[in-house]
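Student: Please see the structure below; I have some questions.
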Amino acid sequence: MPSIESSRIAHSIGTALDRFIKNNQSQFQYASGELSQLLRDIALASKVVNREVNKAGLIDLMGAVGSQNMAGDEQQKLDVLANIRFTRALAKGGEVCALVSEESDSFVDLNNEGQYVIAIDPLDGSSNIDVNVSIGTIFSIYRRKSPAGTPIQELDILQKGSEQVAAGYVLYGSSTMLVYTTGYGVNGFTYEPTLGEYFLSHPNMKIPEDGKIYSINEGSSNSFAQPVSDYLKFCKEKNYTARYIGSLVADFHRNLLKGGIYIYPATAKDPKGKLRLMYECNALAFVVEQAGGKASDGKERILDIALTDLHQRTAFFVGSKNMVEKAENFN
Ligand code: FBP
């Protein structure tokens, strides 16, 4: 009689996220369960957002709300909804004292004894919602610097990416995945909707050092700086494949698995780059470095860039180590 564990009758479904977080909690410097609970709160909010994303067309959640966020982007209904869902879950959890969001002009003080600060893009790639293309949530977690319970200070918020204690993203795609790091490697979990739980599906993710995929919006190529144009010419001479979904989390995730480079350079329209350092680039830079890849603004390591503004933008070169270094060499 084969053992229960190895029986092929009941396929093992893998390690549940909760169990994984618990098993790995001791790795973490401040292993008192708060960060574990915070990760669980993010997972819970993402399940609610996932449910609403999946049926957006049926419950009038498509389209814009008619207002703009501080960056001047047209806010989609799901942008606002996702922002409410994550803010509510994190406020209720009590581990987060301050929240920086793409959808909020200034940081949100959650008035609690929380030890953590979170920067979040509740729904990234929102221009793809109405056309049913993959979208995502991106999050960065920091430990507050000032004593818990005292007024939130700028030094708690404007922390460099290298100070992140955890970061990751949720991809709402053909399946929904949560991918994160606490500085001890990168792990991916796939959501099983009938059980309402995430299960470990991609342990210890590593990005190939080299790849053959480049992701950039060539529609803006007329205003690319010469080094970027030269690197693109190099990619074409090497017969690399162009893949650009126009949804950062989806493009990043593909390149993380297959190898590749995603570039959002400075353009005439966005002279400092389009993507936001605090709640888009820092998280993905931490994840890619933990997976063996690289992230820079073409010159400087993303995680070393000083924060001066909640919504500051940066050029973004991220992906396979050798490809990012090659692109930087053109600079
Ligand atoms: P938001 O939707 O959060 O503003 O994200 C920015 C984004 O949509 C990224 O997901 C994507 O990679 C990029 O902008 C696409 O920009 P463009 O349409 O200029 O190529």
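The values are calculated or read from the model by the stated rules, or taken from the named source; none is laboratory data. Here the structure is a predicted model, which is why all the values come from computation and not from measurement. For neighbour counting, all protein chains shown are included, and Cβ atoms are generated from backbone atoms with ideal geometry for every residue, glycine included. For accessibility, only protein heavy atoms count, side chains too; no ligands or nucleic acids. Shrake-Rupley method; radii C 1.70, N 1.55, O 1.52, S 1.80 Å.
Student: What is the packing order of peptides 14-26, 260-272, 276-288, taking the mean over residues of other C-beta atoms within 10 Å and listing the highest first? Mind dumping the intermediate values first?
Tutor: Working: 14-26: 15.4, 260-272: 19.2, 276-288: 27.6.
In descending order of packing, they fall as 276-288, 260-272, 14-26.
Student: Then there is this: Could I have the simple spin-label model distance between LYS236 and ILE59, label points 7 Å from Cα toward Cβ, reported in nm to one decimal?
Tutor: 4.6
Student: Could you pull out which residues in region 100-126 have an amide N less than 19 Å from a spot 7 Å beyond the Cα of GLU163, following the Cα-Cβ vector?
Tutor: 100-102, 106-121
Student: Just name one of GLY149, ILE118, VAL324: the one whose Cα is farthest towards the positive end of the charge dipole of the chain (beta-carbon charges, Lys/Arg +1, Asp/Glu -1).
Tutor: Looking along the dipole axis, the top candidate is VAL324.
Student: Mind ranking 53-60, 187-194 by how tightly packed they are, going by the mean number of other C-beta atoms within 10 angstrom, highest first? The partial results should precede the final answer.
Tutor: On the way: 53-60: 12.1, 187-194: 17.8.
Those peptides, ordered most packed to least, come out 187-194, 53-60.
Student: Using the Cα centre of the chain as origin and beta-carbon charges of +1 (Lys, Arg) and -1 (Asp, Glu), tell me which of LEU171, ILE207, GLY63 is placed farthest towards the positive end of the dipole.
Tutor: Of the candidates, ILE207 comes out farthest on the positive side.
Student: Counting only helical runs of four or more DSSP H residues, what would the 222 nm mean residue ellipticity of the chain come to if each run contributes -39,500 (n - 2.57) and the total is spread over all its residues?
Tutor: Details: 8 runs with 91 residues, N = 331.
Calculated from helices alone, the mean residue ellipticity at 222 nm is -8500 deg cm²/dmol.
Student: How much FRET efficiency would the formula 1/(1 + (r/R0)^6) give for VAL133 and GLN68, where r is the Cβ-Cβ distance and R0 is 22 Å, rounded to 0.05?
Tutor: The computed FRET efficiency comes out at 0.50.
Student: Carbon and sulfur together cover what percent of the accessible area of region 124-254 at a 1.4 Å probe radius?
Tutor: 48
Student: Given an 8 Å cut-off on Cα distances and at least 6 residues of separation, report the relative contact order of the chain as a percent.
Tutor: Over the chain, the number comes to 15 percent.
Student: Sticking with this one: In debye to the nearest 20, how big a dipole does region 169-284 give about its Cα centre with +1 on each Lys and Arg Cβ and -1 on each Asp and Glu Cβ?
Tutor: Once rounded to the nearest 20, the dipole reads 300 debye.
Student: Roughly what would the spin-label model give for ASN329 and HIS202, points 7 Å off Cα along C-beta, in nm?
Tutor: 2.8
Student: Could I ask something else about it? Between SER175 and THR150, how high is the FRET efficiency from 1/(1 + (r/R0)^6) when r is the Cβ-Cβ distance and R₀ = 45 Å? Nearest 0.05.
Tutor: So, using R0 = 45 Å, E works out to roughly 0.60.
Student: Can you give the FRET efficiency for ASN23 and ASN217, using 1/(1 + (r/R0)^6), R0 = 51 Å, r = Cβ-Cβ distance, to the nearest 0.05?
Tutor: So, using R0 = 51 Å, E works out to roughly 0.80.
Student: Pulled fully out, how much extra length does the chain show between GLN312 and GLU52, if you take 0.36 nm times their separation in residues and subtract their Cα-Cα distance?
Tutor: Gain on stretching GLN312 to GLU52: 90.6 nm.
Student: Using per-residue counts of other Cβ atoms within 10 Å, averaged over each peptide, order 315-323, 77-85 from highest down.
Tutor: Put in order of decreasing packing, that is 315-323, 77-85.
Student: Same structure again: Using +1 on the beta carbon of Lys and Arg, -1 on that of Asp and Glu, and nothing else charged, what's the dipole of region 116-202 about the Cα centre, debye to 20?
Tutor: It comes to approximately 340 debye.
Student: Rounded to the nearest 20 debye, what is the charge dipole size of the chain about its Cα centre when +1 sits on each Lys and Arg Cβ and -1 on each Asp and Glu Cβ?
Tutor: Values: 33 positive and 38 negative charges, 167 e Å.
The dipole of the chain has a size of about 800 debye.
Student: Mind giving me the nanometre distance, one decimal, between the label points for GLN226 and ASN322, set 7 Å out from Cα along Cα→Cβ?
Tutor: Using points 7 Å along Cα→Cβ, the separation is 2.8 nm.
Student: Skip the ligands, DNA and RNA, and give the accessible area per residue of region 155-263 with a 1.4 Å probe, whole Å².
Tutor: Accessible area per residue, region 155-263: 41 Å².
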